[in-house]
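What follows is one structure encoded as structure tokens, with my remarks underneath.
Computed from the coordinates by the stated procedures, all read-outs in this text should not be read as laboratory data. If you're wondering where the values come from, they're calculated on a predicted model, not measured in any experiment. Counting neighbours? That spans all protein chains shown, and the Cβs are built from the backbone with ideal geometry, glycine included.
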Amino acid sequence: MTTYLVLGAGATGAAVARQLADGGDEVRLLSRRGSGPAHPRIERVPADANDAAALTEHAAGVQTIFNCAMPPYDKWPALFPPLAAANLAAAQRSGADYVMLGNIYAYGAVEGPLSADLPLAPTSVKGKVRARMWEDALAAHEAGRVRVTEVRASDFLGAGAVSPFTLMIGARVLAGEPAAFPGDLDAPHSWSYTEDAARTLIAAARSDHSWGRPWLVPSTSDDSARALAIRLAEAADVPAPRLSELSAAELEQLGRQDSIVAELSEMRYLLDRPTILDASPTTSILGIQPTAVDVVLSEMAKHHATTAG
């Protein structure tokens with residue numbers, strides 16, 4: 001039996017903890033409020049992921065630290081670097097392996113399929129934050145102080161997932177309301193399922209081939225936002241979606257009223273053009289196959305039905 005420390009009890013962190021526990025391992029799931037799934041093998045720990053000393057104590061005896069924690073989207077430049085530094089320090093002090101959940105922001109605007117081994121060329125503030133986090137962790141790995149890898153996801157789908165699709169389209173389509181999307185509704189786009197991201201994180205932690213390099217989550221779908229919305233409506237047996245596109249000016253205006261929405265403007269380039277991931281090494285080396293998108297959309301529809309209102 002192996003013990004793991006999972007930082008962050010959001011959709012993906014909770015999925016990592018649950019999958020590990022279901023497989024017979026012991027899990028310490030750390031979040032600010034001590035939340036997460038109830039499971040006999042999951043110890044839910046209320047703690048501050050910015051406190052390197054406390055994290056080091058909680059990491060005693062664990063095989064791997066999974067960093068799935070994320071500060072508020074509109075506070076990344078101020079809050080993410082110290083959080084990442086504390087997590088990395090705890091891994092080095094405890095001797096645990098360190099597996100990071102990341103995204104594709106640090107690649108910048110890419111023409112053609114996006115593969116994990118492309119050079120980082122961030123064009124956004126948030127992309128530069130993510131790039132620095134990886135570069136710091138990789139430097140520690142190359143210095144022999146800790147084993148590090150990062151699993152990078154695209155925009156998330158799944159029960160409880162947070163992404164431009166779930167925030168701007170999914171909930172409104174399921175409620176039978178019109179929805180406006182901050183990008184090209186017909187651009188092909190890779191979508192990551194939270195449970196697939198969790199399986200990839202666990203596979204990376206258990207592979208001798210994963211360390212010192214990033215991996216991409218195999219996509220559950222490369223559908224456009226419009227096509228995905230239509231499939232979601234069909235899965236939920238609700239009326240066909242009524243969709244429109246938000247212009248850059250309209251998105252900026254909405255952002256004046258909502259600081260989270262405001263942060264979407266600099267990432268709009270990912271939604272205004274085709275964004276397709278090539279995660280073939282994850283499948284061939286780590287053995288991860290994506291979940292069928294209709295399974296994912298049915299899960300989202302059922303989750304909405306049980307939580308709405």
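In terms of packing, defined here as the mean over residues of other Cβ atoms within 10 angstrom, the peptides 70-83, 110-123 line up highest first as 70-83, 110-123. The angle between the Cα long axis of helix 225-236 and the main principal axis of the chain comes to about 90°, on a 0 to 90 degree scale.
Please state, to two decimals, what the Cα-based radius of gyration of segment 132-208 comes to when divided by 2.2 N^0.38 Å (N = residues). Here the Cα radius of gyration is 1.50 times the empirical estimate.
Per residue, the average separation of C-alpha pairs within less than 8 Å and at least 6 apart gives the chain a relative contact order of 18 percent.
Residues of segment 138-163 with an amide N closer than 20 Å to a point placed 7 Å from the Cα of H209 along the Cα-to-Cβ direction: 147-153. In this simple spin-label model, placing a label point 7 Å from the Cα along the Cα-to-Cβ direction at both D22 and T283 gives a separation of 2.2 nm. Inter-label distance, E142 to A85: 2.0 nm, where each label sits 7 Å from its Cα along the C-beta direction. Each principal axis of the Cα atoms in segment 145-266 has its own extent, and those three values, largest first, are 49, 35, 23 angstrom. The helix-based estimate of mean residue ellipticity at 222 nm for the chain, built from -39,500 (n - 2.57) per DSSP H run of four or more residues and divided by its residue count, is -11500 deg cm²/dmol to the nearest 500. The alpha-carbon of K75 sits under 25 angstrom from the alpha-carbons of these lysines, leaving out residues fewer than 8 places away in its chain: K126, K128.
From the square roots a ≥ b ≥ c of the eigenvalues of the alpha-carbon gyration tensor of segment 253-294, which class results: rounded (a/c under 1.5), prolate (a/b over b/c), or oblate? Prolate shape, in that a/c is at least 1.5 and a/b is the bigger ratio. Put simply, when 279-291, 238-250, 1-13 are sorted by average Cβ atoms within 10 angstrom per residue, most first, you get 1-13, 279-291, 238-250. Please work out whether segment 39-94 counts as rounded, prolate or oblate from its C-alpha gyration tensor, where a ≥ b ≥ c are the square roots of the eigenvalues and a/c under 1.5 means rounded, while otherwise a/b larger than b/c means prolate and anything else oblate? It comes out oblate by the Cα gyration axes.
Using only the C-alpha atoms, the convex hull of the chain corresponds to 126 Å³ per residue. Sorted on the mean count of surrounding Cβ atoms within 10 Å across their residues, most packed first, peptides 142-153, 124-135 read 142-153, 124-135. If R0 is 25 Å, the Cβ-Cβ spacing of T306 and Q257 corresponds to a FRET efficiency of close to 0.25.
For the pair Y269 and S298, a Förster radius of 30 Å applied to the C-beta separation gives a FRET efficiency near 0.45, rounded to the nearest 0.05. Compared with the dominant Cα axis of the chain, that is its longest principal axis, helix 76-94 is turned about 30°. Of all DSSP bridge pairs formed entirely within the chain, close to 5 percent run antiparallel. Counting every C-alpha pair in segment 206-271, the share spaced more than 21 angstrom apart comes to 54%. Seen against the Cα atoms of the chain and their longest principal axis, helix 11-22 is set at about 50 degrees. Rounded, prolate or oblate: pick one for segment 42-179, where a ≥ b ≥ c are the square roots of the eigenvalues of its C-alpha gyration tensor, a/c under 1.5 means rounded, and failing that, prolate if a/b is larger than b/c, else oblate. Oblate, because a/c is 1.5 or more while a/b does not exceed b/c.
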